[in-house]
Amino acid sequence: MYAVIAVMGVQMLARSELAERGHSMIAALALAVGLLPIVAPTLYDGFPGWIRTLLGSGVVAGTLTAVLLHALFTVADRPPRTGRGERQSGERHSEEQQSGEQPPLTTRGRPRSADRAPAPPEG
């Protein structure tokens, strides 16, 4: 049963976009924090009981790490806003709208990084 769960997890990682900024770091840190209770079982002995309950389970510790880091990287990756609520790169964005060009998107609908090669056409 544990082997099936491990294989499913590896398949999920294979489908994810780890090449995007920060995603590989999130996966690596979540895996490392999730393995801490197994590698160092006495690590959380000095903490209060509720922290030992949360972090003593590798699944919970890894999941919390992944969720918190994803939220942190998502907020940190947002472009800064001007006083009127517009992006500072608004001029470039409005030029794209006028020309009718849309930036290429990933499978999740987010703009693809300029440094990555475009994905092959689906079909």
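Summarising the label geometry, the points placed 7 Å from Cα in the beta-carbon direction at Arg21 and Met1 lie 4.3 nm from one another. Largest first, the residues His70, His23 sort by 1.4 Å accessible area into His70, His23. Here's the picture: a label point sits 7 Å out from the Cα of Ala76 along the beta-carbon direction, and within segment 1-39 the residues with their amide nitrogen under 19 Å of it are 17-34.
The values are calculated or read from the model by the stated rules, or taken from the named source; none is laboratory data. Computed from a predicted structure; not experimentally measured. FYI the Cβ positions are ideal-geometry reconstructions off the backbone, even for glycines, and counts take in every protein chain you see. SASA here: full protein model, heavy atoms, side chains in, ligands and nucleic acids out. Shrake-Rupley method; radii C 1.70, N 1.55, O 1.52, S 1.80 Å.
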